[in-house]
Each structure stands twice: as C-alpha cells, then as structure tokens.
Amino acid sequence: MIKNIFEEQVCNEIIQRINTLTTKSERLWGSMSVDQMLAHCNMPYAYTFMPEQFKKPNVFVKFLLKNFVKKMVVSPNPYKQNERTSPSFIINNSRDFDKEKSILVANIKKVQQLGVDHFEGEDNFSFGKMTAKGWSTMFYKHLDHHLRQFGV
C-alpha cells in the first residue's frame with residue numbers, strides 16, 4: 001500500500017530516511033550516485049512548482065504521457081529496479097549533496113503543508129489534472145523507490 005505523503009507522520013518518516021543518507025551511501029542497483037539520486041528526486045517537484053522552466057510536451061507526447069505513463073505513475077504497484085526514466089529526469093553530472101538534500105526536504109515539506117485540498121484536481125505538467133491521491137502516490141512512490149535503491 002502506498003502511504004499518503006500529505007500526512008505529517010509519513011512526511012517525517014521520508015525525511016528521516018533521507019537524513020540517513022551520506023555522500024558515501026552506495027546504491028544497490030542502477031547507475032546514479034547518491035547526489036544524482038537526490039537531484040533526480042527533486043525533478044517532479046521542479047515540474048510541479050516551477051513548470052515555466054520546462055518545455056511543455058507536444059500534443060502527441062502529452063497524449064502518451066496521460067494515457068499510458070500516468071497509469072504506471074499513480075498505480076499502487078512499485079517501480080521495478082533499473083526501470084527507465086524520462087530523459088528529462090536523467091542527471092548525468094555531479095551535484096552538491098547537501099544542497100540537493102536540503103531542496104528535497106523543503107519540497108517534501110511544501111507538499112505536505114499545501115495539503116490535499118491544494119492538489120485535488122491540480123494540473124500536472126505531464127499528466128493533466130490529477131486527484132490528490134494520484135499526486136500523493138506519484139510523490140511517495142518515487143521517493144520510496146529511490147530511498148530503497150540506497151538501502152534506506
């Protein structure tokens with residue numbers, strides 16, 4: 001079962017897991033370093049809170065995202081190890097671990113503070129209108145997947 005990221009207890013649990021990461025944390029699968037993973041985990045929040053920084057998907061891509069990818073993102077099924085990600089979410093360069101960690105924690109807190117009412121029916125950059133449950137699933141599932149990738 002996917003936990004509700006809007007609940008303070010769940011939010012605090014995720015932040016505690018993030019806080020156990022260090023610059024020396026090793027991945028159990030995949031190719032990202034821990035700093036790259038943190039930057040990667042910040043991408044959904046960047047698309048949510050700063051969509052003007054990104055090129056909108058064309059009509060065909062938006063159709064594919066809404067009708068195929070969205071179902072996978074909001075389903076309760078966990079992501080598979082080494083599953084492909086969106087090219088725009090790929091982080092190839094080194095990042096500042098502490099900065100990315102701080103940004104991620106702030107993003108998680110912002111989502112929790114904005115709450116269910118803010119996200120209910122909110123338009124997602126890639127997937128169109130989503131329920132608050134869909135938003136929660138998307139955020140939590142992605143974070144949980146990558147925290148498990150680093151053993152936390």
Selected residue [of a type in the set (A, V, I, L, M, F, W, C) and either farther than 20 Å from His118 by Cβ or over 17 Å from the mean Cα position of the chain (by Cα) (or both)] from Ala39, Ala46 | Ala39
Could you grab the pairs with beta carbons closer than 7 Å, sequence gap of 6+ or different chains, first residue in the stretch 1-19 and under 15 Å from Ala132 (Cα atoms), second one charged (D, E, K, R) and surrounded by 18 or more Cβ atoms within 10 Å (Cβ to Cβ)?
-> Ile2/Lys141
Within the stretch 136-143, is even one residue closer than 23 Å to Leu28 by Cα, at pLDDT below 95 and hydroxyl-bearing (Ser, Thr, Tyr)?
-> no
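Within the stretch 31-40, take every residue that is of a type in the set (Gly, Ala, Ser) and more than 15 Å from Leu143 (Cβ to Cβ) and give me the one that is surrounded by the most Cβ atoms within 10 Å (Cβ to Cβ). Talk me through it step by step, then tell me what you get.
Pass one, the stretch 31-40, residues of a type in the set (Gly, Ala, Ser): 31, 33, 39.
Within this subset, residues satisfying the condition of being more than 15 Å from Leu143 (Cβ to Cβ) are 31, 33.
On the way: Ser31: 9, Ser33: 18.
The extreme case among them is Ser33.
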Kindly list the number of the only condition in (1) surrounded by fewer than 12 Cβ atoms within 10 Å (Cβ to Cβ); (2) in contact (Cβ under 8 Å) with a residue 60 or more places away in the chain that fails for Arg27.
-> (1)
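I'm trying to understand the selection: among the residues of the stretch 49-83, which are of a type in the set (Val, Ile, Thr) and more than 17 Å from the chain's Cα centre (by Cα)? Let's see the steps before the verdict.
The initial filter retains those residues of the stretch 49-83 that are of a type in the set (Val, Ile, Thr), namely 59, 61, 69, 73-74.
Answer for the stretch 49-83, where residues must be of a type in the set (Val, Ile, Thr) and more than 17 Å from the chain's Cα centre (by Cα): Val59, Val61.
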Just give me the residues in the stretch 1-40 being over 14 Å from Asp144 (Cα atoms), in a helix (DSSP H, G or I) and not aliphatic (A, V, I, L, M), in sequence order.
-> Glu8, Gln9, Asp35, Gln36
Any residue at all in the stretch 60-70 that is at pLDDT 95 or above, farther than 16 Å from Ile18 by Cα and of a type in the set (Phe, Trp, Tyr)?
-> no
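The values are calculated or read from the model by the stated rules, or taken from the named source; none is laboratory data. Everything numeric here is computed off the predicted structure, so don't read it as measured data. A quick note on method: Cβ atoms are made from the backbone with ideal geometry, for glycine too, and the neighbour counts reach across all protein chains shown.
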